[in-house]
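Notes follow the structure.
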Amino acid sequence: MEFLLFSGTANPALAAAIADKVGVPLGHSEIHAFPDGELEVTVREDVRGRDVYLLQPTSGPVERHTFELLLLADACRRGGAQRLTAVLPYLGYARQDRRTAPGEAVGARVMADVLATGGFHRLVVVDVHSAALEGFFAIPFEPLSAVPVLTRAVLDAGVRPGVVVAPDLGAAKLAEHYARLLGLPVAIIRKIRVSGADVRMREISGQIRGLAPLIVDDMISTGGTIAAAATALREAGSGSEIVVAATHALFAGPAAERLEQASLARLFVTDSVAWERAPALPLERVSLAPLLGQVLTGLHENQPLNGFSSTD
Ligand code: R5P
């Protein structure tokens with residue numbers, strides 16, 4: 001019997017694209033908010049004994065999207081679902097994986113504890129901020145990588161970078177993954193975060209002079225990191241055509257303006273999070289639907305996920 005796939009309201013277009021790829025109808029559910037803001041979720045399918053997948057990136061508004069997911073999970077558990085998997089193309093709060101100052105909360109740990117209440121058998125996530133985050137979760141975790149998909153899109157677009165650049169130390173592993181697939185060297189910029197929206201770039205380790213850079217990151221939020229990295233690279237004499245590949249395009253606050261000012265040649269992102277409208281940038285948005293479709297089919301059939309995991 002085929003699996004059931006339901007979507008929250010965070011990214012129904014991606015859920016529909018996965019359903020289409022796999023050839024299963026998207027499960028019918030209703031989510032609506034009462035006047036006081038409380039949510040009511042109803043699953044309008046018979047889930048008894050079924051293998052159920054709930055797709056919901058916990059992007060902003062994070063609290064609402066997370067709670068919708070938990071209500072969907074509750075409805076499915078009460079309806080007798082046999083196996084329940086949360087598919088989180090983007091996992092919110094993942095950056096808050098440690099305290100950086102006394103008195104701070106560790107948001108990623110709280111998110112892990114909150115998701116644990118959903119009674120999921122498994123979580124599927126894409127390019128989580130750090131691999132160590134898996135250790136926060138007692139629920140089995142499938143960490144997928146969009147790097148092969150984005151690398152393919154870069155090559156298919158005829159882009160031939162000369163160096164892969166990590167805009168901060170945290171992106172070094174990701175940059176190594178791209179560099180391995182592209183057969184390129186890596187350069188790393190030392191970033192200092194001044195505030196949630198502002199960063200400063202310090203020295204660059206590795207050769208970039210005269211080379212066409214491909215800056216890679218797990219996410220773009222306000223665009224500060226990418227804009228500052230582009231400036232630092234140009235000042236240090238890199239090739240002026242700068243290309244960026246980032247999995248999660250959150251595009252918060254001043255992102256569109258900053259990225260426009262950065263004069264990027266191309267910007268490759270995925271559809272892990274939904275936007276109201278696409279910013280006017282030289283964007284290529286690559287769908288995660290084929291990857292997630294194959295992974296959900298593999299999980300449903302209890303097949304190994306070779307080649308999809310970020311741990312491969
Ligand atoms: C931080 O460590 C992340 O990997 C990204 O570099 C960061 O979240 C991007 O944020 P922004 O676009 O606001 O600079």
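Across region 63-70, not a single residue is classified as within 16 Å of the ligand (Cβ to nearest atom) and in the same structural domain as residue 136 (by TED's automatic domain parsing).
Taking region 51-78 as the range and being in a loop (DSSP other than H, G, I, E, B) and surrounded by 17 or more Cβ atoms within 10 Å (Cβ to Cβ) as the test, the residues that pass are 56, 57, 58, 59. If you go through region 158-171 and pick out every residue that is part of a loop (DSSP other than H, G, I, E, B), more than 14 Å from the ligand (Cβ to nearest atom) and in contact with a strand residue (DSSP E or B) (Cβ under 7 Å, 6 or more places away or on another chain), you end up with 2.
Inside region 156-176, can you point out the residues that are in contact (Cβ under 8 Å) with a residue 24 or more places away in the chain and surrounded by fewer than 21 Cβ atoms within 10 Å (Cβ to Cβ)? Selection gives 157, 159, 160, 162, 168, 170, 173. One residue stands out in region 16-50 among those that are of a type in the set (Asp, Glu) and part of a loop (DSSP other than H, G, I, E, B): the one that is farthest from residue 294 (Cα to Cα), namely 36.
Among the criteria (1) of a type outside the set (S, T, N, Q); (2) assigned to a helix (DSSP H, G or I); (3) touching a strand residue (DSSP E or B) at 6+ places or on another chain (Cβ under 9 Å), the one residue 86 does not fulfil is (2). Whether any residue in region 92-107 is in the same structural domain as residue 11 (by TED's automatic domain parsing), at pLDDT 95 or above, closer than 21 Å to residue 300 by Cα and not in a loop (DSSP other than H, G, I, E, B) is what I want to check. Within region 92-107 (the criterion being in the same structural domain as residue 11 (by TED's automatic domain parsing), at pLDDT 95 or above, closer than 21 Å to residue 300 by Cα and not in a loop (DSSP other than H, G, I, E, B)), the answer is no, since none of the residues qualifies.
Could you say which residue among 155, 174 is of a type outside the set (Lys, Arg) and touching a strand residue (DSSP E or B) at 6+ places or on another chain (Cβ under 8 Å)? Spell out how you get there, then give the answer.
Numbers: 155 fails: touching a strand residue (DSSP E or B) at 6+ places or on another chain (Cβ under 8 Å).
None of the others qualify; the one that does is 174.
Taking the listed residues 153, 175, the one that is within 16 Å of the ligand (Cβ to nearest atom), at pLDDT 95 or above and not in a strand (DSSP E or B) is 175, with no other qualifying. Annotation: residue 292 fulfils all but one of (1) touching a helix residue (DSSP H, G or I) at 6+ places or on another chain (Cβ under 7 Å); (2) of a type in the set (A, V, I, L, M); (3) closer than 18 Å to residue 150 by Cβ; (4) within 16 Å of the ligand (Cβ to nearest atom); the unmet one is (4).
The values are calculated or read from the model by the stated rules, or taken from the named source; none is laboratory data. These numbers were taken from a predicted model, which means no experiment stands behind them. Don't worry about glycine lacking a Cβ; one is built from the backbone with ideal geometry, like all the others, and counts go over all protein chains shown.
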